[in-house]
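The values are calculated or read from the model by the stated rules, or taken from the named source; none is laboratory data. None of these values were measured; they are calculated from a predicted model. Quick reminder, even Gly has a Cβ in these numbers, built from the backbone with ideal geometry, and neighbours come from all protein chains shown. When the accessible area is computed, the model is the full protein with side chains, heavy atoms only, and any ligands, DNA or RNA have been set aside. Shrake-Rupley method; radii C 1.70, N 1.55, O 1.52, S 1.80 Å.
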Amino acid sequence: MVDVVAQPTKQGFLFVFDRVTGRPIWPIEERPVPQSDVPGERTSPTQPFPTRPAPFARQSFTEADINPYLPAEEREAIRARLRSYRNDGLFTPPSFQGSIQIPGHSGGANWGGAAVDPSRGQLYVLSKALPTLIRILPPGGSVPGASRTGPATVVRSEE
């Protein structure tokens with residue numbers, strides 16, 4: 001038995017560390033992630049990925065994930081919209097083209113976090129999978145319903 005600290009994330013990962021030493025219980029790897037295509041913006045070339053346990057949240061959203069019970073016309077409209085956005089998987093940065101992010105800014109271990117049952121040695125995580133469509137607009141750009149986040153950009157999140 002090892003006393004641990006477990007940190008669930010919005011990306012659907014659980015990082016687990018030895019409570020005394022701070023060392024990871026399982027290895028953590030730095031892996032390449034999608035890069036920003038916004039001029040002048042720099043994103044980290046890598047992000048940490050725990051090797052265990054498996055992610056507790058869905059980390060991709062593709063055409064295969066469209067609800068098969070929707071009417072065919074609605075499924076095709078969603079499919080066309082998905083194809084028009086940047087969709088490079090986990091850590092896809094916002095873009096002028098528009099990007100799909102999942103678990104999204106309201107997903108993964110968002111509010112509500114986690115709870116532990118120490119008698120059973122179990123961790124429970126409230127996880128949400130909310131694909132987010134997000135787009136950066138150039139200065140002066142506008143989208144109905146968008147919110148201004150700074151003097152140079154407008155970001156629209158479509159959930």
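Can you tell me which residue among 89, 104 is in a loop (DSSP other than H, G, I, E, B), surrounded by 14 or more Cβ atoms within 10 Å (Cβ to Cβ) and touching a strand residue (DSSP E or B) at 6+ places or on another chain (Cβ under 6 Å)? Write out each step before concluding.
Numbers: 89 fails: touching a strand residue (DSSP E or B) at 6+ places or on another chain (Cβ under 6 Å).
Of the residues listed, the single one that is in a loop (DSSP other than H, G, I, E, B), surrounded by 14 or more Cβ atoms within 10 Å (Cβ to Cβ) and touching a strand residue (DSSP E or B) at 6+ places or on another chain (Cβ under 6 Å) is 104.
In the list 12, 22, 40, which residue meets the criterion of being surrounded by 12 or more Cβ atoms within 10 Å (Cβ to Cβ), small (Gly, Ala, Ser) and on the phi > 0 side of the Ramachandran plot?
Going through 12, 22, 40 in turn, the sole match is 12.
Any residue in segment 99-114 that's at positive phi and touching a residue at least 60 places away in the same chain (Cβ under 8 Å): show its pairings with residues that are open to solvent by 10 Å² or more (accessible area, probe 1.4 Å) and among the charged types (D, E, K, R) at Cβ separation under 8 Å, as long as the two are six or more apart or on different chains.
Once the first residue is at positive phi and touching a residue at least 60 places away in the same chain (Cβ under 8 Å) and sits in segment 99-114, its partners that are open to solvent by 10 Å² or more (accessible area, probe 1.4 Å) and among the charged types (D, E, K, R) give 108/10; 108/128.
Quick check on segment 107-127. Is at least one of its residues among the aromatic types (Phe, Trp, Tyr), open to solvent by less than 60 Å² (accessible area, probe 1.4 Å) and either under 24 Å from residue 16 (Cα atoms) or modelled with pLDDT under 95 (or both)?
Checked against the condition, which is being among the aromatic types (Phe, Trp, Tyr), open to solvent by less than 60 Å² (accessible area, probe 1.4 Å) and either under 24 Å from residue 16 (Cα atoms) or modelled with pLDDT under 95 (or both), segment 107-127 yields no hits at all.
All but one of (1) outside any loop (DSSP other than H, G, I, E, B); (2) touching a helix residue (DSSP H, G or I) at 6+ places or on another chain (Cβ under 8 Å) hold for residue 67, so report the exception by its number.
(1)
Looking at (1) open to solvent by 60 Å² or more (accessible area, probe 1.4 Å); (2) of a type outside the set (Gly, Ala, Ser); (3) at pLDDT below 95, which is the one condition that is false for residue 30?
(3)
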